[in-house]
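The values are calculated or read from the model by the stated rules, or taken from the named source; none is laboratory data. Values in this document were obtained by computation on a predicted structure and should not be read as measured data. For neighbour counting, all protein chains shown are included, and Cβ atoms are generated from backbone atoms with ideal geometry for every residue, glycine included.
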Amino acid sequence: MSDAATPFITTVDSKALILEQITKTPGIRYRELLRQTGLANGTLEYHLKMLEKMYKVKVERHEGRRARYYPISFSSDEAHIIGYVRNNVARQIVYFIQRHDLCTFGEIVDHIKKAPSTVSWHLKRLSEGGIVSVRYGQDYHLYSIYNNNLIEAILKKCEESFGDKFADRYYEMFVEL
């Protein structure tokens, strides 16, 4: 094989590797993609720009936050939701609220077993993202999911990408019930 053919094969392999990682892990961030692919920073950046120009990947950029990369088949709604629930704590909160319809802050903290400040921060983010709604009472707040069917479908579609730790935790949550 000539040296001239090698860069072309490497380029094709690099793009395929990047697409494979994005497909397996929708909502992946640049640094995570860099680690998963093992590509050099400049190489990854170049190929991502090319894949975006070729409409092979969708990139969601938010002001003040890093970009997330999705398969082109993901809708904007799906990408938006995955951006919020890729975090394990946020996902645990969403699953808990889904199973209990209306939850108080104390119930969520007790179940998630994280500091109240951590739960509060995630609930605020999920609320601002339009995933969780808050009903304010005199002595308590009640949390519910805005569009439960949509959230459930998206989480089911992406649960493999959350990794084995998520599957183990999800199983543990059902056993605890």
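Summary table below
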quantity	calculated
Boolean, Val132 is aliphatic (A, V, I, L, M), modelled with pLDDT under 90 and surrounded by 14 or more Cβ atoms within 10 Å (Cβ to Cβ)	no
Glu159 closer than 30 Å to Tyr55 by Cβ and not aromatic (Phe, Trp, Tyr)	yes
Among (1) among the β-branched types (Val, Ile, Thr); (2) more than 30 Å from Ser120 (Cβ to Cβ); (3) touching a residue at least 60 places away in the same chain (Cβ under 8 Å) - the single one Val57 does not satisfy	(3)
Within region 5-40, tally of residues that are part of a helix (DSSP H, G or I), among the β-branched types (Val, Ile, Thr), modelled with pLDDT under 90 and under 15 Å from Arg68 (Cα atoms)	1
Which numbered condition His141 misses (of (1) modelled with pLDDT of 90 or more; (2) surrounded by 14 or more Cβ atoms within 10 Å (Cβ to Cβ); (3) more than 17 Å from the chain's Cα centre (by Cα))	(1)
Qualifying residue in region 121-138 (condition: farther than 20 Å from Gly27 by Cβ and touching a Lys or Arg at 6+ places or on another chain (Cβ under 8 Å))	no
Considering residues of region 41-75 that are outside any helix (DSSP H, G or I) and over 20 Å from Lys24 (Cα atoms) only, the residue modelled with the highest pLDDT	His62
Any hit, region 78-88, residues being of a type outside the set (D, E, K, R), without any contact (Cβ under 8 Å) to a residue 12 or more places away in the chain and not assigned by TED's automatic domain parsing to the domain that holds Lys24	no
Lone qualifier among Ile108, Ile131, Ile97 - being over 30 Å from Lys56 (Cβ atoms), touching a helix residue (DSSP H, G or I) at 6+ places or on another chain (Cβ under 8 Å) and in contact (Cβ under 8 Å) with a residue 40 or more places away in the chain	Ile97
Members of region 101-124 that are assigned to a helix (DSSP H, G or I), within 22 Å of the chain's Cα centre (by Cα) and surrounded by fewer than 17 Cβ atoms within 10 Å (Cβ to Cβ)	Ser117, Thr118, Ser120, Trp121, Lys124
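Residue by residue, here is whether (1) touching a Lys or Arg at 6+ places or on another chain (Cβ under 8 Å); (2) surrounded by 14 or more Cβ atoms within 10 Å (Cβ to Cβ); (3) assigned by TED's automatic domain parsing to the domain that holds Glu107 holds:
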position: Tyr55; (1), (2), (3): no, no, no
position: Lys58; (1), (2), (3): no, yes, no
position: His62; (1), (2), (3): no, no, no
position: Arg66; (1), (2), (3): yes, no, no
position: Tyr70; (1), (2), (3): yes, yes, no
position: Gln92; (1), (2), (3): yes, yes, yes
position: Phe96; (1), (2), (3): no, yes, yes
